[in-house]
Amino acid sequence: MGYKLELLLRDVSRSQVSRRQFLQTSGALGLGATAPSLWAQTAYATPKKGGTFRAGLSDGSTTDSLDPATTASLYMIQLRYAFRTYLTEITPSNQVGPDSAQSWESSPDAKVWKFKLFRGQQFHNGKTLTASDVVASINYHRRPGSTSGAKTLLKDIADISADGVGVVVIKLSAGMADLPYLMADYHFPIMPGDGNGGIDWGSGIGAGPYKIIRFQPGIGAELTRHDRYHRPDQAYFDALHLMVLNDVNARQTALLNNEADAIVSLDLRILPLLSRNRSVAIDEVAGGSYNGMPMNCLSSPFKDPNVRLALKYALNREEIVAKIMNGHATVGNDQPVSPIMPYAAKIPQRHYDPDKAKFYLRKAGLDSLKVQLSTSDAAGASAVDMAVLFAQGASKAGIDIGVVRESADGYWSNVWLKKPFVVVNAGQRPTPDVVFSQFLEDGAAWNDTHWHNDRFQSLLLTAKSMLDQKRRSEIYAEMQAICSDDGGYLIPFFANKVSARRSNVKHTKTISSAWELDGGRAYQRWWFGD
């Protein structure tokens, strides 16, 4: 029994055995009532400091910049959470929690918010972090002429000011019930102010758990622990090495060859093989990220809602989930609120129907349709295969989709928002208001469909400040239905977050699905075990 128990405990420590499997096996070994405590002691060991954590990341480009206003790639999102701090964070349970702000409160109408900062925070250069730095950092996105992708999220801020060195006061023109969630968005890191209302983003100085030693766009970054980080119960690694490995095979090879400690975006076809490797642990959580195909509703033929519906009925979502995602996803319905998000609504699911697709083509005055769809590995490991499978299914409806494989380098700057029909991958947002405001609100910098619906826009404004949760839920349900039926998005699925790590890399029982690698916070929450 001793040897079998030793092997069992080893697999538990490597996250290769579930609690149910452990209890069943330990029962057969005669452990009895001691099994639950032994599980707890082994599965979730006390974190310890040390080592260099190497992460293999996708979606890096030579156009990457430390400017938070331009961040769009997964690599830069991960790097940003590693070296900068935010007012709030999304916790492992996908709730909002403290980061630089230890607490917050609002007026009854959600128009005035006060964020109280932790004392003693320091930037990497030794400068004390104050409320004025927060004000300057938020205003950087609000400034005249700003092209920040997050500017529209802040448009309701009427004034933001510092109340002394430790309190930030945000006054809104309309109530915003989700403001604490919004402050965790990767666009809004706290940067050192220059004393004149501006900020320093170019030096790479932050107040986060790690400080940048070397940053190479499209290649990688090296960081070392910030010893004066204000959260002493986090940041266990001595150093980080973030590597851009855009090719999924390169990432997996790096993991298997012990050249990376964790990687993102696996090839799901070989997941069973990886799962059998005792040196590897797989993390999978239901997520709200999606691979979508926005259609520019200002350009032909997508300006016709009948054409949009024809393409939606020509999309075989279930087949894509089964064949491309190998079941590691939830079927989507052409609107961006995933089932795990607050206020997710149950609206009638649209299914693949070539005859209905033909019907809507005829309503648009067409016998057939020919379009080009741009895609790239930059939009995810499955993006190209998904586009090809979509094209095959659409051909049965008389729709000829020419799949154009674009270069991963510069995809987000040269293809997305430039071409009328593309594949994108959008990370999970914490609330419907955030995702609607960023991608579907009129005038939003990242409104990649350019779709307008009067009713939708009116409901969006109403829902932002709605404190009646029942009514708010009803509003968001109607908005999801409008978007699904009339909008310019094709959303076949919401992907599970599936990543892999070396079995000596440990984390707590629950990890966030907000972004890859524990919501981008693996660098400060995870640690090396035995």
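May I ask you to list the residues in region 411-461 that are touching a residue at least 60 places away in the same chain (Cβ under 8 Å), farther than 21 Å from Met386 by Cα and not in a loop (DSSP other than H, G, I, E, B)?
Hits for region 411-461 are Ser413, Pro432, Asp433, Val434, Val435, Phe436, Ser437, Gln438, Phe439, Leu461.
Just for region 468-499: of the residues that are of a type in the set (Lys, Arg) and surrounded by 18 or more Cβ atoms within 10 Å (Cβ to Cβ), which one is nearest to Lys303 (Cα to Cα)?
Arg472
Can you find, within region 172-208, the residue that is farthest from Asp64 (Cα to Cα) among those that are of a type in the set (D, E, K, R) and in contact (Cβ under 8 Å) with a residue 24 or more places away in the chain?
Asp178
Residue-by-condition table, conditions (1) farther than 23 Å from Ser106 by Cα; (2) crowded, with 19+ Cβ neighbours inside 10 Å; (3) over 22 Å from the mean Cα position of the chain (by Cα):
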{"residue": "Asp133", "(1), (2), (3)": "no, yes, yes"}
{"residue": "Pro144", "(1), (2), (3)": "yes, no, yes"}
{"residue": "Gly164", "(1), (2), (3)": "no, no, yes"}
{"residue": "Ala174", "(1), (2), (3)": "no, no, yes"}
{"residue": "Leu182", "(1), (2), (3)": "no, yes, no"}
{"residue": "Ile199", "(1), (2), (3)": "yes, yes, yes"}
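I'd like the full set of residues that are out of contact with any Lys or Arg (no Cβ under 8 Å at 6 or more places or on another chain), among the hydrophobic types (A, V, I, L, M, F, W, C) and not in a strand (DSSP E or B), limited to region 80-117.
Of everything in region 80-117, those that are out of contact with any Lys or Arg (no Cβ under 8 Å at 6 or more places or on another chain), among the hydrophobic types (A, V, I, L, M, F, W, C) and not in a strand (DSSP E or B) turn out to be Ala82, Leu87, Ala110.
State all residues of region 325-342 that are at pLDDT below 95 and either more than 18 Å from the chain's Cα centre (by Cα) or in a helix (DSSP H, G or I) (or both); if no residue qualifies, say none.
Asn326, Gly327
Is there a residue in region 138-148 that is touching a helix residue (DSSP H, G or I) at 6+ places or on another chain (Cβ under 9 Å), at positive phi and not small (Gly, Ala, Ser)?
No; the residues of region 138-148 include none that is touching a helix residue (DSSP H, G or I) at 6+ places or on another chain (Cβ under 9 Å), at positive phi and not small (Gly, Ala, Ser).
In this structure, does Pro217 turn out to be in contact with an Asp or Glu (Cβ under 6 Å, 6 or more places away or on another chain) and not aliphatic (A, V, I, L, M)?
Answer is yes for this residue.
Report the residue count in region 423-441 for those that are in contact with a Pro (Cβ under 9 Å, 6 or more places away or on another chain) and either under 11 Å from Ala514 (Cβ atoms) or of a type in the set (Ser, Thr, Tyr) (or both).
Residues meeting the conditions: 3.
Being over 16 Å from the mean Cα position of the chain (by Cα), without any contact (Cβ under 8 Å) to a residue 60 or more places away in the chain and either surrounded by 20 or more Cβ atoms within 10 Å (Cβ to Cβ) or within 17 Å of Gln234 (Cα to Cα) (or both) is the requirement here; does Gln102 meet it?
yes
Scan region 7-19 and give yes if some residue there is at pLDDT 95 or above and either closer than 20 Å to Ser279 by Cα or not in a helix (DSSP H, G or I) (or both), otherwise no.
Checked region 7-19: no residue is at pLDDT 95 or above and either closer than 20 Å to Ser279 by Cα or not in a helix (DSSP H, G or I) (or both).
Any idea which residue in region 226-246 is nearest to Leu57 (Cα to Cα), counting only those that are among the charged types (D, E, K, R) and either free of Cβ contacts under 8 Å to residues at least 24 places away in the same chain or surrounded by fewer than 16 Cβ atoms within 10 Å (Cβ to Cβ) (or both)?
Asp238
Within region 214-225, which residues are in contact (Cβ under 8 Å) with a residue 12 or more places away in the chain and either within 21 Å of Ala262 (Cβ to Cβ) or among the hydroxyl-bearing types (Ser, Thr, Tyr) (or both)?
The answer is Phe215, Gly218, Ile219, Gly220, Ala221, Glu222, Leu223, Thr224, Arg225.
Let me spell it out: the conditions are (1) of a type in the set (Gly, Ala, Ser); (2) farther than 29 Å from Lys418 by Cα; (3) in contact with a Pro (Cβ under 8 Å, 6 or more places away or on another chain), and Ala345 meets all of them except one. Which number is the exception?
Every condition holds for Ala345 apart from (3).
Out of the residues in region 362-395 that are free of Cβ contacts under 8 Å to residues at least 60 places away in the same chain and charged (D, E, K, R), state the one that is surrounded by the fewest Cβ atoms within 10 Å (Cβ to Cβ).
Asp367
Taking the options Tyr236, Tyr229, name whichever one is over 30 Å from Ala162 (Cα atoms) and either of a type in the set (Lys, Arg) or in contact with a Pro (Cβ under 8 Å, 6 or more places away or on another chain) (or both).
Matching residue, one of Tyr236, Tyr229: Tyr236.
Out of the residues in region 247-278 that are in contact with a helix residue (DSSP H, G or I) (Cβ under 8 Å, 6 or more places away or on another chain) and among the polar types (S, T, N, Q), which is surrounded by the most Cβ atoms within 10 Å (Cβ to Cβ)?
Ser265
Evaluate the following for Arg214: is it assigned by TED's automatic domain parsing to the domain that holds Asn246 and more than 26 Å from the chain's Cα centre (by Cα)?
no
Please specify each residue of region 146-171 satisfying the condition of being touching a residue at least 60 places away in the same chain (Cβ under 8 Å) and hydroxyl-bearing (Ser, Thr, Tyr).
Matches in region 146-171: Ser146, Thr147, Ser148, Thr152.
Restricting attention to region 133-178, and to residues there that are in a loop (DSSP other than H, G, I, E, B) and acidic (Asp, Glu), which single residue is farthest from Thr431 (Cα to Cα)?
Among them, the one singled out is Asp156.
If you go through region 187-196 one residue at a time, do you hit one that is of a type in the set (A, V, I, L, M, F, W, C), in contact with a strand residue (DSSP E or B) (Cβ under 8 Å, 6 or more places away or on another chain) and closer than 24 Å to Arg429 by Cβ?
Within region 187-196, one or more residues are of a type in the set (A, V, I, L, M, F, W, C), in contact with a strand residue (DSSP E or B) (Cβ under 8 Å, 6 or more places away or on another chain) and closer than 24 Å to Arg429 by Cβ.
The values are calculated or read from the model by the stated rules, or taken from the named source; none is laboratory data. Keep in mind the model is a prediction, meaning the values are calculated, not measured. Virtual Cβ from ideal backbone geometry, glycine too; neighbours counted across all protein chains shown.
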